[in-house]
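**Student:** Mind looking over this structure? Questions follow.
The values are calculated or read from the model by the stated rules, or taken from the named source; none is laboratory data. As the structure is a prediction and not an experimental result, all values here were calculated from the model. Because the Cβ atoms are built from the backbone with ideal geometry, glycine has one as well, and the counts that use them run over all protein chains shown. SASA here: full protein model, heavy atoms, side chains in, ligands and nucleic acids out. Shrake-Rupley method; radii C 1.70, N 1.55, O 1.52, S 1.80 Å.
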Amino acid sequence: MSLLVVGLSHRSAPVSILERASLSADTRIKLLQDTLAAEPATEGAVLATCNRIELYADVDKFHAGVAELSTLLAQHSGVGLDELTPYLYVHYEDRAVHHLFSVACGLDSMVVGEGQILGQIKDALALGQDLHTAGRLLNDLFQQALRVGKRAHSETGIDRAGQSLVTFGLEQLAQDTAVETWAEGKKALVIGAGSMSSLAAATLARSGVSEIVIANRTLARAERLAQILTEPGSTGVAAHAVEMVAVGDELTRADVVVSCTGATGLVLTGEAVEDAARERTAPLFLLDLAMPRDIDAAAHRVPGVRLVDIESLAEASADAPMAADVDQVRGIVSDEVAAFGAAQRAAHITPTVVALRTMAADVVANEVARLEGRLPGLDDKQRAEITQTVRRVVDKLLHAPTVRVKQLASEPGGAGYADALRTLFDLDPETVASVSRADLNDADVKNRGRV
């Protein structure tokens, strides 16, 4: 295993850099394709959220891999390599596994313990599977990361430490008032109809707003979200959809606006916010969860307007209390990293063991064939008994060493046992490689679509 991750997040880079480096859906696809076209990488996956961009790869050379992945991130993000490099972090092998598992548990999130990251990891894996850039290593890694994250949330109280980014943002808007008290009776405008916007709409509805208007570039998606909110047994809030051209008018009516779109430019300019504020007597609360930002930072300066965005959330989260359960989650992560490493090391020797047993089976077959030529008078029963006896002798001789070598190979530093086995038994490297390729193809078929 030569797992490498190169990335940047809210912990390593200012929001201004993260905003510029954000990747569109099409850019992520091109980044993955170019990653596999690069010589050091044989697999690739990209995890891109509003506060992190990480490129995972299986590489055969560490330094060349770091240089290539850093260059690819710079090229596809549009931020120059010299400017981007100071904010990049690099994790390799077990440290890379530890990093992803920590991310999956919400330990590395802006709001510690939040669970939305699991959906984003799931999406990253699905994209890698669809493009066939995620092979056996990254399929195993991301599948286990999802299991580790779910385990952390089910076995510990990490959920008490974390909230969704939406809830945290609404708390910052409400300041010292309970969100339910602050939101009661307010009219809300949600711009966008993706997963974050849907979460925002549901959270606002549960918090007690009286009305929610959904605006989206594709009206049908906005109408679908509004329908979900108003279905019997759902939130019971009054909700309807509008086209994006109506956002200016809705700004004058809404009390709170949450925006999270995939737009590359501003959705609400400072001028539009200022125009809406002039026609209002009540305060206007704006929550911008997009990266890059949807709402002009100039809205901060408009009288009667309070804007909370990713940058201000990052500052506020630095002072957020940590739950005691975090230590327990860290223990889970450490245990799972050790288990993953052991499994990968054991899997590494499996092709060699299979090749050894294949060679032994060929030796048995050849010797039985030679014996039949020398003793043509053997009947079928005698021939079968001799064949079975020889096979049992070979199996018993190989059983203890192959079981033991798998155990030794799963321990740290056990990678050399596969090489020793190949040398001792003079195994053909191409035979071992062919077993590895077959295993990889089987894993690709099994994991395709499995998220």
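**Student:** Select from segment 172-221 the residues that are more than 32 Å from the chain's Cα centre (by Cα), of a type in the set (Val, Ile, Thr) and farther than 19 Å from CYS260 by Cα and list them in ascending order.
**Tutor:** Passing the criteria: THR177, THR181.
**Student:** Which condition breaks for ALA226 when tested against (1) without any contact (Cβ under 8 Å) to a residue 24 or more places away in the chain; (2) open to solvent by 10 Å² or more (accessible area, probe 1.4 Å); (3) over 21 Å from the mean Cα position of the chain (by Cα)?
**Tutor:** (2)
**Student:** Does ARG160 satisfy being open to solvent by 10 Å² or more (accessible area, probe 1.4 Å), of a type outside the set (Asp, Glu) and modelled with pLDDT of 85 or more?
**Tutor:** Against the criterion (open to solvent by 10 Å² or more (accessible area, probe 1.4 Å), of a type outside the set (Asp, Glu) and modelled with pLDDT of 85 or more), ARG160 does not qualify.
**Student:** On the basis of being basic (Lys, Arg) and either more than 24 Å from LEU146 (Cα to Cα) or in a loop (DSSP other than H, G, I, E, B) (or both), does ARG28 make the cut?
**Tutor:** Here the answer is no, as ARG28 does not meet what is asked.
**Student:** Return the residue satisfying two criteria in turn: it lies in segment 2-52 and is surrounded by 15 or more Cβ atoms within 10 Å (Cβ to Cβ) and without any contact (Cβ under 8 Å) to a residue 40 or more places away in the chain, and of such residues it is farthest from THR264 (Cα to Cα).
**Tutor:** PRO40
**Student:** Right, something else. If you go through segment 364-384, how many residues are surrounded by 11 or more Cβ atoms within 10 Å (Cβ to Cβ) and either free of Cβ contacts under 8 Å to residues at least 24 places away in the same chain or among the polar types (S, T, N, Q) (or both)?
**Tutor:** Qualifying residue count, segment 364-384: 10.
**Student:** What about LEU69, is it open to solvent by less than 20 Å² (accessible area, probe 1.4 Å) and at pLDDT 95 or above?
**Tutor:** Spelling it out, LEU69 is indeed open to solvent by less than 20 Å² (accessible area, probe 1.4 Å) and at pLDDT 95 or above.
**Student:** Take segment 284-299 and flag every residue that is open to solvent by 30 Å² or more (accessible area, probe 1.4 Å) and either among the aliphatic types (A, V, I, L, M) or touching a Cys at 6+ places or on another chain (Cβ under 9 Å) (or both).
**Tutor:** Matches in segment 284-299: MET291, ALA297.
**Student:** So is ARG357 open to solvent by 80 Å² or more (accessible area, probe 1.4 Å) and either outside any helix (DSSP H, G or I) or modelled with pLDDT of 80 or more (or both) or not?
**Tutor:** Taking the combined requirement at face value, the residue satisfies it.
**Student:** Which of (1) of a type in the set (A, V, I, L, M); (2) out of contact with any Leu (no Cβ under 6 Å at 6 or more places or on another chain); (3) crowded, with 22+ Cβ neighbours inside 10 Å is the odd one out, the single condition VAL302 does not satisfy?
**Tutor:** Going through the list (1) of a type in the set (A, V, I, L, M); (2) out of contact with any Leu (no Cβ under 6 Å at 6 or more places or on another chain); (3) crowded, with 22+ Cβ neighbours inside 10 Å, VAL302 breaks only (3).
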